[in-house]
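Novice: I am attaching a structure below and will ask some questions about it afterwards.
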Amino acid sequence: MRTAALTLISFVAFGFAAGAQKFSLLPQVGFENSKTKVRYNDLASFSPSGVNFSPQVGLRFTYTSKPGHGIFLGAASGRNVVPFSFTDPENGMNNFKTTSGSMQFRLESGYQFSTKRITLKKAGAKSAASGEKKQCGSFSFKSHCAKNKTPAGKSTNTEKLNPGTKGSWVQLQPSVGLGFLPAVKTDVVAKTQNGQTTYEYRAGNWNTGLIAGMGFEFGKNNNRLFTLGINYFKGLGNLEKQTISTVIGSKTLTTHLQSEVSGWNMRIGVPFTLGTKKPGIKKQTEKNTQQRKTNCSQFRSLYRCTKTN
């Protein structure tokens, strides 16, 4: 199942990459809260270590098509395994100890959609030149030079910028995918020292899981500033029931152990757009200035000012 899922994701990735409009790199830092529960001998599950908090780092590559559909591939750290140790299988639910699990890196892959940019605060519009007032004695008039058009049909603004998003904005980025842990340790380990056997069950030792979240990308004008992401995960694979058999005297004791793990994380990162070239700014200062002078000269010749008594 795992191999089939990876193969499917790979084909989807190549398909989107062929028609992608934007390729982004997003390094992230944040934290993760996870909760691991243990079910001992089919009794009610409990959390032996409560909620586990750990810092987190991540890296995500994203392909995005023009309509907003895309895929992501990345990696992130996590500490979800809780070593659950006991010496007496008959009383292991009440007499146990836990330690902090080691940091692990997991791969993440899935689908992401980017909505259109939602304007938060519009940029102040520059006031266009509406004309100049000329006065001669008691006679005044408003020049029509600002209304004149260039032969190409363009206004005589001194500088024309390429169109784009103006002001502050936010973009929503919901996503869903799978997480994979390539290296998973043994679930149950037995150690004997000084004639006493200690059993260690690694609860929450998942290798595949569901990942879903929402990202908020903030920017200003045409610049992407930072991304805030909140993600939920739940372990799915490698969490089957484990059995420990011990012999006490002439009696064989069987102990069943099973665990589940879920949690959420929050990450913040700075996105980098790769493979694109920002369009340049077209300037028409000299041409428009010459056009304005010509039109104003022709306009003045049509009027004569006389002083009124």
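Novice: Could you say whether any residue in the stretch 121-140 is within 30 Å of PHE72 (Cα to Cα), at pLDDT 90 or above and of a type outside the set (Asp, Glu)?
Specialist: Scanning the stretch 121-140 turns up no residue that is within 30 Å of PHE72 (Cα to Cα), at pLDDT 90 or above and of a type outside the set (Asp, Glu).
Novice: Among residues belonging to the stretch 73-99 that are without any contact (Cβ under 8 Å) to a residue 40 or more places away in the chain and assigned to a loop (DSSP other than H, G, I, E, B), point out the one that is farthest from GLY204 (Cα to Cα).
Specialist: The extreme case among them is ASP88.
Novice: Which ones in the stretch 22-51 are assigned to a strand (DSSP E or B), farther than 30 Å from LEU225 by Cα and open to solvent by less than 30 Å² (accessible area, probe 1.4 Å)?
Specialist: If the condition is that a residue be assigned to a strand (DSSP E or B), farther than 30 Å from LEU225 by Cα and open to solvent by less than 30 Å² (accessible area, probe 1.4 Å), then THR36, VAL38, TYR40 are the ones that fit.
Novice: If we only count strands (runs of 3 or more DSSP E) wholly inside the stretch 169-264, which ones have 1 or more residues that are open to solvent by less than 80 Å² (accessible area, probe 1.4 Å) and in contact with a helix residue (DSSP H, G or I) (Cβ under 9 Å, 6 or more places away or on another chain)?
Specialist: 196-203, 208-220, 242-248
The values are calculated or read from the model by the stated rules, or taken from the named source; none is laboratory data. Treat the numbers as computed from the prediction; the structure is a model and nothing was measured. With ideal geometry, Cβ positions are generated from the backbone for all residues, glycine too; neighbour counts draw on all protein chains shown. Ligands, DNA and RNA are stripped out before the accessible areas are found, and what is left, the full protein with its side chains, is counted by its heavy atoms. Shrake-Rupley method; radii C 1.70, N 1.55, O 1.52, S 1.80 Å.
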